[in-house]
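The values are calculated or read from the model by the stated rules, or taken from the named source; none is laboratory data. Note that the structure is predicted; figures quoted are calculated from it, not measured. Note that each Cβ is placed from the backbone with ideal geometry, even for glycine, and that neighbours are counted across all protein chains shown. All accessible areas refer to the heavy atoms of the entire protein, side chains included, with ligands and DNA or RNA removed. Shrake-Rupley method; radii C 1.70, N 1.55, O 1.52, S 1.80 Å.
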Amino acid sequence: MNPCRLIPTIQDGETIVWESEAVLRYLGAKYGTQFFPQDIEKRATVDKWMCWMQSTWFPAVYQAFITIMKVPVDKRSSAGLEQQLEAMYAKAAFMNDQLKDRSFVAGNSLSLADFSFAAWLYRYFTLEIDRPVLEYLEKYYDSLCARKAYVKHVHISYESMRIPGAERP
């Protein structure tokens, strides 16, 4: 179904959609307008944050995640990991500032922007690292953790991805 042979991929009737952000947008536009507004200005706000997640948040968290999980400690650059963590903390602090006056990423109601952001937020909060205290981001994460669906579908151990020698820092 997916020419890249990767997931996620969905088939809805004759339509095949792949790439996580495309899948979210398709499902939101077709079935979940409460999470993906029909109003173009409101939708643009959700889209903006989904693009920020893909271009800014995900790469920052992913780099640190891969270094911690996939690079043996004896081959790991401490300075390189520190740079990755600082970049990730800067993105987290940016989102913390955005959450000061709203409950969710794109406003005061749950949207696809939250679905996109929250999956990697779980990794941010569960990696064995010293994180800065970010009051609003922590409050937001706690509110997600109070949702049974978030815990069931996102709180999945990734420990099996860790290679031998990539011990916890």
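Assorted remarks:
- Computed across the chain, the Kirkwood radius stands at 17.3 Å (inverse of mean 1/r, all Cα pairs).
- Rounded, prolate or oblate (a/c below 1.5 giving rounded, otherwise prolate when a/b exceeds b/c) for segment 83-169 by Cα gyration tensor: oblate
- Computed P(r) (all Cα pairs; segment 12-66; 5 Å bins; percent): 4, 18, 22, 21, 16, 12, 6, 1
- For a paramagnetic label modelled on Arg76 (point 7 Å from Cα along Cα→Cβ), amide N atoms under 14 Å away belong, within segment 121-158, to 127-131.
- Carbon + sulfur, % of accessible area of segment 105-169 - ligands and nucleic acids excluded, 1.4 Å: 55 percent
- Tail beyond 18 Å, pair distance distribution of segment 56-111 (Cα, percent): 44 percent
- Annotation for segment 1-102: GluC sites (Glu not before Pro) lying in DSSP loop with at most 13 further Cβ atoms inside 10 Å of their Cβ are Glu14.
- Taking the C-alpha atoms only, the angle from helix 20-30 to the longest principal axis of the chain is near 20 degrees.
- Within a Gaussian network of the chain (alpha carbon springs, distance under 10 Å), most fluctuating of Gly13, Gly32, Gly80: Gly13
- Shape category assigned to segment 94-136 from the gyration tensor of Cα positions, a/c cut at 1.5: oblate
- Net dipole in debye of segment 37-166 [+1 Lys, Arg Cβ; -1 Asp, Glu Cβ; about Cα centre; nearest 20]: 360 debye
- Look at the alpha carbon pairs under 8 Å that are at least 6 residues apart: their mean separation over the length of segment 56-169 gives a relative contact order of 42 percent.
- Computed about the Cα centre, the dipole magnitude for segment 48-94 is approximately 160 debye when only Lys and Arg (+1) and Asp and Glu (-1) carry charge, each at its Cβ.
- Rg ratio (alpha-carbon, reference 2.2 N^0.38 Å) - segment 1-101: 1.39
- In this structure the amide hydrogen of Phe104, modeled in the peptide plane, comes within under 5 Å of the amide hydrogens of Ser109, none closer than 5 places in sequence on its chain.
- Were the residues from Ile129 through Ala22 laid out at 0.36 nm apart, the gain over their Cα-Cα distance would be 35.4 nm.
- Dipole of segment 1-127, positive end: most advanced residue of Ile66, Ser55, Leu6 [Cβ charges, Cα centre]: Ile66
- Surrounding net charge for Arg102, when Lys and Arg each add one and Asp and Glu each subtract one, Cβ distance under 13 Å: -1
- The Cβ shell under 14 Å around Cys145 holds other residues with a net charge of +2, Lys and Arg each +1, Asp and Glu each -1.
- Residues Met1 and Ser103, FRET efficiency given R0 of 25 Å [Cβ-Cβ distance, rounded to 0.05]: 0.10
- Computed helical MRE - 222 nm, the chain, DSSP H runs ≥ 4 contributing -39500 (n - 2.57), nearest 500: -17000 deg cm²/dmol
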